[in-house]
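Taking it in order: structure first as structure tokens, then the write-up.
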Amino acid sequence: MPFRPSLPRRRPHDRKLKSFLSAVDSLAKSPSPSPAAGAVPAARTPAAYNALMSAYSRAGRPDEVVRLFDSLPFPPTAPLFTTLISSLAASGLHSSAREAFFKLLKSGLRLTASNYTVLFKSSPLDSVYKLLKIMIESRCAPDAAAYNCLISVLCDSQQVEEAWGVLDFMLERGIYPTVRSYTAIVRGYCNQGRVLKAERLVDNMTQFGCPPDVVSYSVLIDGLCRLGEFGKVEKILGESEAKGWTPNAVTYTIYMSALCRMGLLDEAFRQAEIMQSRGVSMTAETVNILFDCLCRDSRFSDALCLLECSKGLSWDVDVFCYNTLMSRLCDVGGFAKVLKLLVDLVKKGIGPDMFSFTIAIRSLCGTGKFQVAKCLLDNKGIEYDAVAFNTLIHGLCMAGNLKGVLLTYMDMEYRNVSPNDFTIALIIDSYCKEQKFVGAINFLLKYSKEHLVPDHFVRLTNWLAKAEGLGYVLILLRKIRSQVCWSVFLANVTQPVMSMYDCAKSSLLPDPP
């Protein structure tokens, strides 16, 4: 029977659907965040070009920023370089950001603290320290923004205590920390799972002369959501007006996304209604989350109809929405519908991305069409990551196709895609499911010469124990002694492996041939 959805208009009583359509309507009526592609400033001045480049940067269009910079009718200024570098860094184009910075160095323009600071955001910690040293040597004194970037990089590197040291250093030099300084540390605590410390810091920020703002609270709410502390989130949102801050679209998006992931779909839609009642503008991310909620609620007919009617709703559907529906259909075994959606995605001119094809590979594996899945993976025009290869390897492993697993792994290496721990675990499982324990041992030892992961040894010994292959445990340990640094192994190996080794050593079972 063909997959024919009923139109949303036939279900006007549906609260979730009405809420979603209202969000789409709100998004369609909001002003476009980005100027039209190919726009040029009315005035041929550095300030006018910088304003337009900044607008493109805020809209996440680094290509347009580069276009304007390359077409400047006058020599670039330091502020224009700053906008270019900032846009490239914010878009993850870190190597391009560094190249632009080196052009700035060669230009002979006098650098300001802002020129260095924008590069901090796309540099690893050691590079940030080097840039700080260069700044000081060139008599360009770091300001609060520069130190805030250093604090942020330290917190991203799990060095929160050292970030506190930078705050003390700032005070010693007469540079007062800002709300961004403390917010970075709040984020650092949350990333470490130390949310209680993050809560206390937010409560104490006013005493430090930097009352928390919407960004500070949004970061804290993100940390609380990761722990499922939704009661605390509700309390923070409920007290927002009394504490002088207003939740924005980012705040609600963080909360609604967490509710959706936890399956609290009704509450996620309720937050969308609260968001609109407070006059907070909807964003594309908000609409995408609500669409995901519909898919998680198994409303596949409605979701598909919404995609088909997107033009009439003035909804600019992107590849994320298709990927969301395809992924949820995979979860419930709707593999044939996934492939149909992939074809529709191509027909509508919405370019499928790597995730689209990865989901398609998963659906093909679910129907046993491994050869077709392999053909998709062989497309050299797509830069697949380890997840895509693991998807096919997992399907082949579940089907007991060891040869296919190993060929896919070899292709992975040939295309310079680094395997991760899940890849290795799947290959160990594939060998052991076929009772080829020596092959599993040899593969693991070869891989472990460069990447010693104790959990892999635990996984293999668990397989050997289940198969009553204690003699193979002795083989494994002997080969480890001869091929892997024994002291490093003993320092990292977990107790189950050594316990199994003791059991095997005392066993009267002969070694296998």
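The values are calculated or read from the model by the stated rules, or taken from the named source; none is laboratory data. Please read these numbers as outputs of a predicted model, since none were measured by experiment. Cβ atoms come from the backbone with ideal geometry, glycine included; neighbour counts cover every protein chain shown. The area values use the complete protein model at the heavy-atom level, side chains included, leaving out ligands, DNA and RNA. Shrake-Rupley method; radii C 1.70, N 1.55, O 1.52, S 1.80 Å.
Only one of 310, 298, 314 is touching a residue at least 40 places away in the same chain (Cβ under 8 Å) and assigned to a loop (DSSP other than H, G, I, E, B); which?
The conditions single out 314.
Just give me the residues in the range 343-370 being modelled with pLDDT of 90 or more, more than 17 Å from residue 412 (Cα to Cα), open to solvent by less than 40 Å² (accessible area, probe 1.4 Å) and not small (Gly, Ala, Ser), in sequence order.
Correct list: 359, 364, 365.
For residue 407, indicate whether it is farther than 23 Å from residue 326 by Cβ, in contact with a Lys or Arg (Cβ under 9 Å, 6 or more places away or on another chain), part of a helix (DSSP H, G or I) and open to solvent by 70 Å² or more (accessible area, probe 1.4 Å).
Against the criterion (farther than 23 Å from residue 326 by Cβ, in contact with a Lys or Arg (Cβ under 9 Å, 6 or more places away or on another chain), part of a helix (DSSP H, G or I) and open to solvent by 70 Å² or more (accessible area, probe 1.4 Å)), residue 407 qualifies.
Restricting attention to the range 37-68, which residues are in contact (Cβ under 8 Å) with a residue 24 or more places away in the chain, open to solvent by less than 30 Å² (accessible area, probe 1.4 Å) and closer than 19 Å to residue 119 by Cα?
53, 56, 62
Scan 382, 361, 393 and give me the residue that is closer than 18 Å to residue 339 by Cβ, of a type outside the set (Ser, Thr, Tyr) and in a helix (DSSP H, G or I).
Criteria check complete, one pass: 361.
Can you list residue pairs whose Cβ atoms sit under 8 Å apart, with the first residue in the range 341-352 being free of Cβ contacts under 8 Å to residues at least 24 places away in the same chain and the second being outside any helix (DSSP H, G or I) and surrounded by 12 or more Cβ atoms within 10 Å (Cβ to Cβ)? Count only pairs 6 or more apart in sequence or on different chains.
As it stands, the answer is 342/352; 346/352, since those pairs meet every condition given.
Taking the conditions exactly as written (open to solvent by 40 Å² or more (accessible area, probe 1.4 Å), within 29 Å of the chain's Cα centre (by Cα) and closer than 27 Å to residue 253 by Cα), does residue 34 satisfy them or not? First the steps, then the outcome.
Details: open to solvent by 40 Å² or more (accessible area, probe 1.4 Å): no; within 29 Å of the chain's Cα centre (by Cα): yes; closer than 27 Å to residue 253 by Cα: yes.
So residue 34 fails the test.
Residue under question is residue 373, and the condition is that it be at pLDDT below 95, surrounded by 20 or more Cβ atoms within 10 Å (Cβ to Cβ) and hydrophobic (A, V, I, L, M, F, W, C); does it hold?
Against the criterion (at pLDDT below 95, surrounded by 20 or more Cβ atoms within 10 Å (Cβ to Cβ) and hydrophobic (A, V, I, L, M, F, W, C)), residue 373 qualifies.
Looking at the range 435-449, I want the residues that are part of a helix (DSSP H, G or I) and have a partner that is of a type in the set (Lys, Arg) and open to solvent by less than 60 Å² (accessible area, probe 1.4 Å) with Cβ atoms under 7 Å, at least 6 apart or on another chain. Which pairs are those?
Hits for this filter: 441/479; 445/479.
Has the range 69-79 got at least one residue that is within 25 Å of the chain's Cα centre (by Cα), open to solvent by 10 Å² or more (accessible area, probe 1.4 Å) and polar (S, T, N, Q)?
no
Among the residues of the range 298-308, is any buried (at least 19 other Cβ atoms within 10 Å of the Cβ), under 25 Å from residue 14 (Cβ atoms) and among the basic types (Lys, Arg)?
yes
Can you tell me which residues in the range 91-121 are closer than 18 Å to residue 79 by Cβ and assigned to a loop (DSSP other than H, G, I, E, B)?
Passing the criteria: 108, 109, 110, 111, 112, 121.
Would it be correct to say that residue 175 is outside any helix (DSSP H, G or I), open to solvent by less than 60 Å² (accessible area, probe 1.4 Å) and either among the hydroxyl-bearing types (Ser, Thr, Tyr) or within 28 Å of residue 201 (Cα to Cα) (or both)?
Yes; evaluated as a whole, the condition is true for this residue.
Give the residue that is modelled with the highest pLDDT, with candidates limited to residues of the range 295-328 that are in contact with a Pro (Cβ under 9 Å, 6 or more places away or on another chain) and among the charged types (D, E, K, R).
302
Do you know which residues across the range 29-56 are in a helix (DSSP H, G or I) and at pLDDT below 85?
Hit for the range 29-56 is 29, nothing else.
Quick one: residue 18 ticks every box in (1) within 30 Å of residue 304 (Cβ to Cβ); (2) in a loop (DSSP other than H, G, I, E, B); (3) among the charged types (D, E, K, R) bar one, so which box is it?
If we test residue 18 against (1) within 30 Å of residue 304 (Cβ to Cβ); (2) in a loop (DSSP other than H, G, I, E, B); (3) among the charged types (D, E, K, R), just (2) comes out false.
Among the listed residues 366, 349, 404, identify the single one that is under 30 Å from residue 316 (Cβ atoms) and either among the aromatic types (Phe, Trp, Tyr) or out of contact with any strand residue (DSSP E or B) (no Cβ under 8 Å at 6 or more places or on another chain) (or both). Steps first, answer last, please.
Working: 366 fails: under 30 Å from residue 316 (Cβ atoms); 404 fails: under 30 Å from residue 316 (Cβ atoms).
Unique residue meeting the criteria: 349.
Among the residues of the range 133-156, is there at least one that is modelled with pLDDT of 85 or more and of a type in the set (Val, Ile, Thr)?
Yes, there is a match, as at least one residue in the range 133-156 is modelled with pLDDT of 85 or more and of a type in the set (Val, Ile, Thr).
Select the helices (runs of 4 or more DSSP H) contained entirely in the range 196-275, then report the ones holding at least 2 residues which are open to solvent by 10 Å² or more (accessible area, probe 1.4 Å) and closer than 17 Å to residue 290 by Cα.
Filter on the range 196-275 gives 249-261.
Would it be correct to say that residue 134 is among the aliphatic types (A, V, I, L, M), over 24 Å from residue 64 (Cβ atoms) and in a helix (DSSP H, G or I)?
yes
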